[in-house]
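Here is the structure we will look at.
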Amino acid sequence: MTISLPDADWRARPGLDGLLAALGAADGLARYVGGAVRDGLLGLPVNDLDIATSIAPRDVVDRLKKAGIKAVPTGIDHGTITAVLPDGPVEITTLRRDVSTDGRRATIAYTEDWREDAARRDFTINALYADPLTGAISDYFGGIADLEARRLRFIGDAAARIAEDHLRILRYFRFLARYGDNELDSSAYDACVTAANSLMALSRERIADEMLKLLGVAAPVPALRLMIEGGILRPVLPEVTMAGVDRVEGLIAREAQAGEPVSALRRLAALLPPDASLADQVGARLKLSNKARKRLVVALEADGGQDQPRALAYRIGVEGAVDRLLLDPEQPLTAIATLDGWSPPTLPVGGGALIERGLTPGPDVAKALQQLQRQWVEEDFPDAERVGEIADQIVSKFQRARQ
């Protein structure tokens, strides 16, 4: 039976027909590859669209320019060009074969052999190609059968594939979490365990990217438990233990009950010990952005506050408040509902209004404003009329104290 890629909205993206025509898809020079094929066959949403082509990179650029399509040489030294379409980018990569590898990078040569390109990929389910016009699937290593069985299998010898690129250890567990639904391939798992120390040779950015992708899948816990049992993360994230996986499991349940969207960063916070200083150190080690590091720290800070949900959100931001409330199993989930669609308001009274009420300009103004803000927050952000009443009371108190 011939397997074909089903029609779907993503195949009708604006500008895609023109791109395929420019790449000579009608002549068999271009095919969809990787995630689009894999997820398309499973009926899952397709976000990233990749095209493989037998056309040399420089020729790809020329063809796109002639067709009026913006071409960005994002990885031209490795054969990848990004075409910018109205609905987003499409990566186009020339067929390749490995000349040499050292676990971190590969020296490649271009080829026109589709099977040779497939053979350098990591998993059988990632080595599926689809004709853009007919949808016909090219499957060189049994990827369709593995996809149907939810079985994750390396192409060829697992240890050899990992030696080519150490990141495949982490990719194995990410793909296992998303697509694996069968018995673990013991030879693949053993190869990952044996090679775990090789993760130390990878850039921390690549490790962080894979870990966040893993934590972002719907059900990462079984894969995380396998990683802890096998000591996979010990060389690069020794802080992560089974207790962290238990916290992630609890968080995922609370996310679902509260109807909150998945946050990989929040799950990373759960995976780490509940120590804001340590989380900041890990964030720095993984070279996370300053924004991401700050979110980890805010989520795990133990500031001793007993704020109500909106008061907490006013102080540390809605995102930070939701993170904290979800991470704390003692907090009722109803607290999160009070923040749905809520934005911290601005105090409707300033120092000038207090002076107009008779407060003497000077240090008292700042102190009075602090008291006013504190009571306003404690009263759950009442309207301007009530704020005016509070302001009158505070000004009166300061005036009496000065008499």
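The values are calculated or read from the model by the stated rules, or taken from the named source; none is laboratory data. Every value quoted in this text rests on a predicted model; they were computed, and no experiment measured them. Quick reminder, even Gly has a Cβ in these numbers, built from the backbone with ideal geometry, and neighbours come from all protein chains shown. Just the protein is used for accessible areas: all its heavy atoms, side chains included, with ligands, DNA and RNA removed. Shrake-Rupley method; radii C 1.70, N 1.55, O 1.52, S 1.80 Å.
Pairs linking a residue in the stretch 202-217 that is within 14 Å of I169 (Cβ to Cβ) to a residue that is aromatic (F, W, Y) and outside any loop (DSSP other than H, G, I, E, B), with Cβ atoms under 7 Å and 6 or more positions apart or on different chains, are L214/F173.
Of the numbered criteria (1) under 22 Å from the mean Cα position of the chain (by Cα); (2) closer than 23 Å to I108 by Cβ; (3) surrounded by 22 or more Cβ atoms within 10 Å (Cβ to Cβ), the one A177 fails is (2).
Please enumerate the residues belonging to the stretch 374-403 that are basic (K, R) and free of Cβ contacts under 8 Å to residues at least 40 places away in the same chain.
Narrowing the stretch 374-403 to residues basic (K, R): 374, 386, 397, 400, 402.
Within the stretch 374-403, R374, R386, K397, R400 qualify.
Wholly within the stretch 185-236, which helices (runs of 4 or more DSSP H) include no fewer than the required count, namely at least 2 residues that are under 23 Å from R266 (Cα atoms)?
Working: elements: 186-194, 204-215, 221-229.
Once the helices (runs of 4 or more DSSP H) in the stretch 185-236 are filtered for at least 2 residues that are under 23 Å from R266 (Cα atoms), what remains is 204-215, 221-229.
Within the stretch 317-327, is there a residue that is open to solvent by less than 70 Å² (accessible area, probe 1.4 Å) and either over 23 Å from the mean Cα position of the chain (by Cα) or over 21 Å from G244 (Cα atoms) (or both)? Explain how you work it out, then say what you get.
From the stretch 317-327, those open to solvent by less than 70 Å² (accessible area, probe 1.4 Å) are 317-318, 320-327; that's our starting set.
Restricting the remaining residues to those that are either over 23 Å from the mean Cα position of the chain (by Cα) or over 21 Å from G244 (Cα atoms) (or both) gives 317-318.
Yes, the stretch 317-327 has at least one match.
Considering only residues that are assigned to a helix (DSSP H, G or I) and at pLDDT 95 or above, look in the stretch 18-35 and name the one that is surrounded by the fewest Cβ atoms within 10 Å (Cβ to Cβ). Step by step, filter the stretch 18-35, then rank; the result is D27.
Filter the stretch 63-72 down to the residues that are loosely packed, with under 14 Cβ neighbours inside 10 Å and not in a loop (DSSP other than H, G, I, E, B) and list them by number. The answer is K65, K66, K70.
From the set of residues in the stretch 237-260 that are of a type outside the set (A, V, I, L, M) and in a helix (DSSP H, G or I), which is surrounded by the most Cβ atoms within 10 Å (Cβ to Cβ)?
Here is the first cut: in the stretch 237-260, the ones of a type outside the set (A, V, I, L, M) are 238-239, 241, 244, 246-247, 249-250, 254-255, 257, 259-260.
If we keep only those that are in a helix (DSSP H, G or I) as well, we get 244, 246-247, 249-250, 254-255, 257.
Details: G244: 22, D246: 15, R247: 20, E249: 16, G250: 15, R254: 18, E255: 20, Q257: 11.
Here the answer is G244.
Could we say that S54 is in contact with a strand residue (DSSP E or B) (Cβ under 9 Å, 6 or more places away or on another chain), touching a residue at least 24 places away in the same chain (Cβ under 8 Å) and either among the aromatic types (F, W, Y) or surrounded by fewer than 16 Cβ atoms within 10 Å (Cβ to Cβ) (or both) here? In short, no. Pairs linking a residue in the stretch 320-344 that is touching a residue at least 40 places away in the same chain (Cβ under 8 Å) and closer than 23 Å to P274 by Cα to a residue that is hydroxyl-bearing (S, T, Y) and buried (at least 18 other Cβ atoms within 10 Å of the Cβ), with Cβ atoms under 8 Å and 6 or more positions apart or on different chains, are D323/S263.
Note on the stretch 78-170: enclosed strands (runs of 3 or more DSSP E) holding 3 or more residues that are open to solvent by 30 Å² or more (accessible area, probe 1.4 Å) and modelled with pLDDT under 95 are 96-101, 106-110.
Just to be sure before I move on: is R285 open to solvent by less than 70 Å² (accessible area, probe 1.4 Å), modelled with pLDDT of 95 or more and among the basic types (K, R) in the structure I sent?
Numbers: open to solvent by less than 70 Å² (accessible area, probe 1.4 Å): no; modelled with pLDDT of 95 or more: yes; among the basic types (K, R): yes.
Answer is no for this residue.
Just to be sure, is L49 surrounded by 19 or more Cβ atoms within 10 Å (Cβ to Cβ), among the aliphatic types (A, V, I, L, M) and under 21 Å from the mean Cα position of the chain (by Cα)?
Values: surrounded by 19 or more Cβ atoms within 10 Å (Cβ to Cβ): yes; among the aliphatic types (A, V, I, L, M): yes; under 21 Å from the mean Cα position of the chain (by Cα): yes.
So L49 fits the description; yes.
Quick check on my filter: what residues within the stretch 171-184 are in a helix (DSSP H, G or I) and aliphatic (A, V, I, L, M)?
Listed by number, the residues that qualify are L176, A177.
Filtering the stretch 367-387 to residues that are open to solvent by 10 Å² or more (accessible area, probe 1.4 Å) and part of a helix (DSSP H, G or I) leaves K367, L369, Q370, Q371, Q373, R374, Q375, V377, E378, A384, E385, R386.
Do we find that Q399 is assigned to a helix (DSSP H, G or I) and open to solvent by less than 60 Å² (accessible area, probe 1.4 Å) in this structure?
no
Basic (K, R), at negative phi and touching a residue at least 24 places away in the same chain (Cβ under 8 Å): is that true of R105 in this structure? Steps first, answer last, please.
On the way: basic (K, R): yes; at negative phi: yes; touching a residue at least 24 places away in the same chain (Cβ under 8 Å): no.
Taking the combined requirement at face value, the residue does not satisfy it.
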